[in-house]
Amino acid sequence: MSFYPSPANSRYVRSGGGGAPVLPILRWFQRPPFHPRARPDKLNPHFSRGPVNGSDNRSHILKGGFTLVELLVVIGIIAILIGLLLPALNGARRSANQLKCAAQMRQLGTAALLYANEYRQVIPRDNFAGGHFFASNLLPYLNGPHIDRARQTDRQYLHGVYGQTPVLHCPSVDIGRFTLTYTVNSIDFDQYQKTGRYGPIPLVKIARVPRPSEVAYLMEVNLRRGDPMDYSTWDVHLIDHMTFRGTTRMASPRMIHAGDRARHGGKTNVAFLDGHVESRRLEPRDLPVKLFNPYDLTQYP
């Protein structure tokens, strides 16, 4: 007596000496080999192929994943970290822009000294109407073009040329309306010393400048002015053109406005006639009148 798989509903059939049916034997050998995972319900009585009592067992499978609350907590922590880091990143970017601005102003000061070496120790100041504008005179020493005499007062043309000369533009100022963000000290020191009156001068010999290491030559321009191409006003030769008159803020200075705290975090760069650059606070003590005219000691501080 032997047992063989049956194609019927019963699991086994008893066969006599007549031999086993061929079809059930083929079915037996065609079955895949037994593997413990093939019948987990027999090996693990706690395993269930489907829902038990109406519950969904997918939660057992996703047991190692994040819940919604945990995900929201992680997102909240990331948002807090970003909020803490942003001010530091903005401060670092502002400092980097200020250093780059100072380097550009130092380059402009060096260009003025190169100009002086070529033109009998004379440095350019400002007389836009007369064709002696400091920025145009310094362009050839800044890898810029030589401005034709006929175009020395062509404001639209100069605006485009200055825009193609990055050293003339502070990196903290978005390129757009202003392509020249530096202005020049054009006070006639000899005139003031003789008459006590302020006035501009287009050119001056370095030897006629009192204490070059203490007198400002280049400053940052006031971005609150109306016309970004009015280069005839791109100089400082009166007290009202300065940021402060004594301790009083000027309402419409030609150089940087005292309220412009965003450009360099309440500071400004100043280039001196000996070529060095300093970072100074937008405060009366840091930007006194004597910084621009050492002969004027009437204003305090």
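The values are calculated or read from the model by the stated rules, or taken from the named source; none is laboratory data. Quantities reported herein were computed from a predicted structural model and do not represent experimental measurements. Ideal geometry is used to build each Cβ from the backbone, glycine not excepted, and the neighbour counts take in all protein chains shown.
Counting only residues that are basic (Lys, Arg), farther than 21 Å from residue 199 by Cα, under 28 Å from the mean Cα position of the chain (by Cα) and outside any strand (DSSP E or B), how many does the range 244-301 have?
Within the range 244-301, residues that are basic (Lys, Arg), farther than 21 Å from residue 199 by Cα, under 28 Å from the mean Cα position of the chain (by Cα) and outside any strand (DSSP E or B) number 2.
Identify, by number, the condition in (1) of a type in the set (Asp, Glu); (2) touching a Ser or Thr at 6+ places or on another chain (Cβ under 6 Å); (3) modelled with pLDDT of 95 or more that residue 283 doesn't meet.
Failed condition: (2).
If I ask for residues that are outside any helix (DSSP H, G or I) and exposed (fewer than 15 other Cβ atoms within 10 Å of the Cβ), which ones from the range 83-142 would you list?
Listed by number, the residues that qualify are 119, 120, 121.
Out of 119, 141, which single residue is modelled with pLDDT of 95 or more and either closer than 26 Å to residue 261 by Cβ or aromatic (Phe, Trp, Tyr) (or both)?
141
Let's see how each residue does on (1) closer than 24 Å to residue 95 by Cα; (2) loosely packed, with under 15 Cβ neighbours inside 10 Å:
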{"position": "235", "(1), (2)": "no, no"}
{"position": "251", "(1), (2)": "no, yes"}
{"position": "269", "(1), (2)": "yes, no"}
{"position": "282", "(1), (2)": "yes, no"}
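Name the residue, out of 245, 211, that is out of contact with any Lys or Arg (no Cβ under 7 Å at 6 or more places or on another chain), touching a residue at least 24 places away in the same chain (Cβ under 8 Å), loosely packed, with under 14 Cβ neighbours inside 10 Å and closer than 20 Å to residue 298 by Cβ.
So the residue among 245, 211 that is out of contact with any Lys or Arg (no Cβ under 7 Å at 6 or more places or on another chain), touching a residue at least 24 places away in the same chain (Cβ under 8 Å), loosely packed, with under 14 Cβ neighbours inside 10 Å and closer than 20 Å to residue 298 by Cβ is 211.
Only one of (1) of a type outside the set (S, T, N, Q); (2) touching a Phe, Trp or Tyr at 6+ places or on another chain (Cβ under 9 Å); (3) crowded, with 20+ Cβ neighbours inside 10 Å is not met by residue 292, so which one is it?
Only one criterion is unmet by residue 292, namely (2).
Please go through the range 80-130 and pick out each residue that is free of Cβ contacts under 8 Å to residues at least 60 places away in the same chain and β-branched (Val, Ile, Thr).
Correct list: 80, 82.
Is it the case, given these coordinates, that residue 150 is without any contact (Cβ under 8 Å) to a residue 24 or more places away in the chain, small (Gly, Ala, Ser), outside any loop (DSSP other than H, G, I, E, B) and over 19 Å from residue 100 (Cβ atoms)?
When the stated conditions are applied, residue 150 passes them.
Taking the condition surrounded by fewer than 20 Cβ atoms within 10 Å (Cβ to Cβ) and either closer than 26 Å to residue 260 by Cα or touching a Gly at 6+ places or on another chain (Cβ under 7 Å) (or both), does residue 156 pass?
Here the answer is no, as residue 156 does not meet what is asked.
Here are the criteria: (1) out of contact with any His (no Cβ under 9 Å at 6 or more places or on another chain); (2) modelled with pLDDT under 95; (3) farther than 19 Å from residue 289 by Cβ. Tell me which single one residue 209 does not satisfy.
The one condition residue 209 does not meet is (3).
Among the residues of the range 126-149, write down those that are among the charged types (D, E, K, R) and within 33 Å of the chain's Cα centre (by Cα).
126
Looking at 197, 151, which one is surrounded by fewer than 18 Cβ atoms within 10 Å (Cβ to Cβ), at pLDDT 95 or above and in contact with a helix residue (DSSP H, G or I) (Cβ under 7 Å, 6 or more places away or on another chain)?
After ruling out the rest, the residue left standing is 197.
Which one is nearest to residue 117 (Cα to Cα), of the residues in the range 174-194 that are crowded, with 18+ Cβ neighbours inside 10 Å and among the hydrophobic types (A, V, I, L, M, F, W, C)?
The selected residue is 184.
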